[in-house]
């Protein structure tokens with residue numbers, strides 16, 4: 001969760017340090033006490049607490065929120081290749097890469113069916129207007145097109 005340049009994130013004691021720093025302030029050890037048990041400097045622990053722990057806390061809260069919704073994880077949509085565009089994953093409005101996926105994510109795969117055959121204009125009209133209305137309209141047209149008698 002931390003950055004590549006964080007010595008605490010690279011340390012074997014990172015899980016112990018993170019567990020301690022994620023506790024509420026009144027329950028956790030001081031940085032000086034964590035320094036003694038981890039062997040890491042207080043300044044490195046302070047930087048880690050300011051830079052990396054907020055990101056870790058945010059990720060944990062997002063995961064808790066997703067789990068509270070009744071789903072085992074985030075609901076991810078897997079979109080196939082389409083019209084030359086590459087396949088991708090999305091979560092909400094964000095595009096994700098494969099390495100962003102979590103084991104708890106639920107993935108819904110979208111598959112496109114074959115294209116429908118082209119329909120004629122008559123077939124398209126029949127889907128919008130019933131055959132009865134078409135017959136009535138044709139009868140009215142035929143009645144209107146009959147030659148009229150001239151008045152005497």
(message) Given the options 50, 56, name the one that is within 27 Å of residue 24 (Cα to Cα), in contact with a helix residue (DSSP H, G or I) (Cβ under 8 Å, 6 or more places away or on another chain) and assigned by TED's automatic domain parsing to the domain that holds residue 16.
(response) 56
(request) From the list 136, 111, pick out the single residue that is at pLDDT 75 or above, surrounded by 10 or more Cβ atoms within 10 Å (Cβ to Cβ) and farther than 22 Å from residue 63 by Cα. (result) 136
(message) Test of understanding: among 103, 117, which residue is under 30 Å from residue 60 (Cβ atoms) and more than 14 Å from the chain's Cα centre (by Cα)?
(response) 103
(request) With respect to residue 38, determine if the residue is in contact with a helix residue (DSSP H, G or I) (Cβ under 6 Å, 6 or more places away or on another chain), at pLDDT 90 or above and over 25 Å from residue 99 (Cα atoms). (result) yes
(request) Could you list all residues from the stretch 5-57 that are in contact (Cβ under 8 Å) with a residue 12 or more places away in the chain and either in contact with a strand residue (DSSP E or B) (Cβ under 8 Å, 6 or more places away or on another chain) or loosely packed, with under 12 Cβ neighbours inside 10 Å (or both)? (result) 39
(message) Can you confirm whether residue 98 is exposed (fewer than 13 other Cβ atoms within 10 Å of the Cβ) and either within 30 Å of residue 18 (Cα to Cα) or modelled with pLDDT of 80 or more (or both)?
(response) yes
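The values are calculated or read from the model by the stated rules, or taken from the named source; none is laboratory data. This is a predicted model, so every value here is computed, not measured. Reconstructed Cβ throughout: ideal geometry from the backbone, glycine too, with neighbour counts over all protein chains shown.
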